[in-house]
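What follows is a set of notes on a single structure, which appears directly below.
The values are calculated or read from the model by the stated rules, or taken from the named source; none is laboratory data. Predicted, not measured: the structure shown is a model, and the values here were computed from it. Cβ sites come from the backbone with ideal geometry, for glycine too, and all protein chains shown count toward neighbours. Accessible surface areas use protein heavy atoms only, side chains included; no ligands, DNA or RNA. Shrake-Rupley method; radii C 1.70, N 1.55, O 1.52, S 1.80 Å.
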Amino acid sequence: MSVTVLVGSQWGDEGKGKIVDLLSERYDVVVRYQGGANAGHTVEIGDKKYVLHLIPSGILRPGVVCVIGNGVVLDPEALLEEIKILEENGISVKGRLFISQNTHLIMPYHKLLDSISEKGKQKIGTTGRGIGPCYIDKYARRGIKINDLLNREMLKEKIRFNLEEKNALLKNIYNVEEMDIDAIINQYVEFDTTIDEYIKDVPSYLNSVIKEGKSVLLEGAQGTLLDVDFGTYPYVTSSHPTSGGACIGSGVAPTKITDVIGIVKAYTTRVGEGPFPTELTDETGEKLRKVGREFGATTGRPRRCGWFDAFLIKYSNMINGTTSVAITKLDVLDHFEEIKVCTGYEVDGRLLKTYPSDPLMMNRVKPVYTALPGWNTDTTGCRAYNDLPEATKDYLEFIAKEGDFKISIVSVGPERSQTFFV
Ligand code: GDP
Ligand code: IMO
Ligand code: MG
């Protein structure tokens, strides 16, 4: 029996979807615990490609139960669209997907406020999915929960209360057109008919399956350095992608967690604004983006690319209590003469002992690199550790030593089968 948390160890898009799909074969229940449709988790099975935004990537394995926890902010429109696409592809969702009664709903005004604030003084480069504004309402204790769909009169009252305030903000502060309260009420009361059947008391359900000895996989979205507390604030998302967030976002207690798997890309990427010490803005970065097909699964934006950062991973593993690591996209490095690894940050000629949390300090750091020889060999057909070229193994051993982690899985291509356990 295991209760495993799977987290992104960098700035998101590490390949979490692929590894969740792979591991789901061994789990009974897969749970998303934070974030929302800002996530884009890609799974490739044969020539089929799925991009999941809200529903756990375990849905592609028949028999696996999928759960959306209270920590998620759920856009009902995005959910219904995702269910439709899955059902059209012959993947049954009904009876296999449950949503916590305490999950907050993304409202149209959250998306509008997200896009307006991106045009203001502080541009974060958000996905525009209304994530930040929805969490603001949650913590301001005026949010609308999925459970509110069950009581139409109360739902109408809550939407009216929220929108009157938002409309004042839109009109008087942002100078934009107010939103139509009745149109939003009419749209949301209808979700009752399509969404009610998924609502469940998730903490009780998860704790009862754990008690029965079943295995549960808690799937994080985003990545550790995008955590609102432990990431590169303010250039972060508004939730807790780190392993601690799994407990808060699902109702599974810390004492029930048996292991934490960090998903680590063999190099580094980031989408949106914010510090990125090992970023390459030259042709090497361009090559990583091209070979790695580094374009956002949700927004299509080009991802910023750079070398592997072992100092960042050490920090990330400390915050998450990572017990083992899955290395993804190793094959992308097949095409480089020389590969660099950042082993620490230097400021004014002095090595930092701990990872900086101050954005001004982050802008001053200089990565310290060790250059390793590339292997210039196609690894996409490797299916065991010993199939890898010697130089590839040397690279993996070097990053594992510098980042202080144990590798349990290696991924050498986007397809489900292009993976092996170590
Ligand atoms: P997630 O958000 O962490 O699930 O990651 P994304 O799906 O946003 O981005 C990862 C991308 O890399 C997707 O297009 C995957 O299909 C792809 N991918 C995952 N693992 C590998 C791998 O080992 N090699 C290659 N070449 N692509 C991979
Ligand atoms: P997955 O789960 C990469 C980034 C955005 C922006 C910041 C805040 O696919 O790894 P938000 O819309 O959350 O308010 O945006 O966070 N971001 C992601 N970057 N992968 C993601 O998800 C991300 N979700 C949000 O680009 O910089
Ligand atoms: Mg993604």
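Starting from the Kirkwood Rh over alpha-carbon pairs, what translational D in µm² s⁻¹ does the range 106-195 have by Stokes-Einstein at 25 °C and 0.890 mPa s?
Value of D from the Cα-based Kirkwood radius: 179 µm²/s.
If you find the alpha carbon centre of the range 309-330 and of the range 120-180, how far apart are they in angstrom?
Value for the Cα centre distance between the two parts: 36 Å.
Only four residue types carry charge here, +1 at the Cβ of Lys and Arg and -1 at the Cβ of Asp and Glu. Report the dipole size of the range 106-195 about the Cα centre in Debye, rounded to the nearest 20.
Dipole magnitude for the range 106-195 comes out near 460 debye.
Subtract the Cα-Cα distance of Asp348 and Glu178 from 0.36 nm times their separation in residues, and report this length gain in nm to one decimal.
My answer for the length gained is 56.1 nm.
At 1.4 Å probe radius, can you tell me the per residue accessible area of the range 362-422 in Å²? Please list the in-between numbers first.
Numbers: 3000 Å² over 61 residues.
Heavy-atom SASA per residue in the range 362-422 reads 49 Å².
Probe radius 1.4 Å, ligands and nucleic acids ignored: give me the carbon and sulfur share of the accessible area of the range 151-310 as a rounded percent.
Taking all protein chains in place, the range 151-310 shows 51 percent carbon and sulfur surface.
Translational D (Stokes-Einstein, µm²/s) of the range 1-65 at 10 °C and 1.306 mPa s when Rh comes from the Kirkwood sum over C-alpha pairs?
Approximately 130 µm²/s, per Stokes-Einstein.
Calculated FRET efficiency, Ile85 and Gln187, Cβ-Cβ r, R0 35 Å, to nearest 0.05?
Numbers: r = 20 Å, r/R0 = 0.58.
Working from the Cβ atoms, E equals 0.95.
Just to confirm the filter: which GluC sites (Glu not before Pro) across the range 278-342 are DSSP coil and have at most 13 other Cβ within 10 angstrom of their Cβ?
Answer by residue number: Glu337.
First measure r as the distance between the Cβ atoms of Asn363 and Ala140, then evaluate 1/(1 + (r/R0)^6) with R0 = 30 Å and state the FRET efficiency to the nearest 0.05.
It comes out at approximately 0.45.
Run the accessible area of the range 52-119 with a 1.4 Å probe and give the carbon-and-sulfur part as a rounded percent.
55
Once you list every other residue whose beta carbon is under 14 Å from the beta carbon of Leu352, what net charge do they have if Lys and Arg are +1 and Asp and Glu are -1?
Every neighbour counted, the sum reads +1.
Out of the GluC sites (Glu not before Pro) in the range 1-107, which ones are loop residues according to DSSP with at most 13 other C-beta atoms within 10 Å? Mind dumping the intermediate values first?
Numbers: sites: Glu14, Glu25, Glu44, Glu77, Glu81, Glu82, Glu87, Glu88; in loops: Glu14, Glu25.
Here the GluC sites (Glu not before Pro) that fit, given the DSSP loop and packing criteria, are Glu25.
Net charge near Glu165: determine it from the other residues with C-beta under 12 Å of the C-beta of Glu165, scoring Lys and Arg +1 and Asp and Glu -1.
Taking every Cβ under 12 Å from that of Glu165, the sum is +2.
Using amide H atoms built in the peptide plane, which far-off residues or other-chain residues are under 5 Å from Val73 H to H?
Those lying under 5 Å, H to H, from Val73 are Gly35, Gly36.
Where only protein heavy atoms count, and the probe is 1.4 Å, what is the accessible area per residue for the range 106-195 in Å²?
55
If we count every other residue with Cβ under 15 angstrom of Arg364's Cβ, Lys/Arg +1 and Asp/Glu -1, where does the sum land?
Values: positive: Arg350, Lys366; negative: Glu279, Glu346, Asp348, Asp358.
Residues near Arg364 contribute -2 overall.
Sorted by packing (mean other beta-carbon atoms within 10 Å per residue), highest first, where do 143-154, 63-74, 347-358 land?
Answer by packing, highest mean first, reads 63-74, 143-154, 347-358.
Cross-link partners among aspartates and glutamates for Lys256, C-alpha distance below 20 Å, same-chain residues fewer than 8 apart left out?
Asp28, Asp201, Glu212, Glu219
Between the DSSP loop rule and a limit of at most 15 other Cβ atoms within 10 Å, which trypsin sites (Lys or Arg not before Pro) in the range 52-125 are left?
Here the sparse-neighbourhood loop sites are Lys94, Lys119, Lys121, Lys123.
Give me the dipole magnitude in Debye, nearest 20, for the range 263-421 about the Cα centre, with unit charges on the beta carbon: positive for Lys and Arg, negative for Asp and Glu.
500
Mind listing the long-range amide H neighbours of Gly272? Cut-off is under 5 Å, sequence gap 5 or more, other chains count too, H placed in the peptide plane at 1.01 Å from N.
Arg304
Please work out the average accessible area per residue across the range 32-96, using the 1.4 Å probe convention, and give it in Å².
That works out to 33 Å² per residue.
Averaging sequence separations of C-alpha pairs under 8 Å and six or more residues apart, then dividing by the length of the chain, give the relative contact order as a whole percent.
20
Could you size up the charge dipole of the chain around its Cα centre, putting +1 on the beta carbon of Lys and Arg and -1 on that of Asp and Glu, and report it in debye to the nearest 20?
Here the chain has a charge dipole of around 600 debye.
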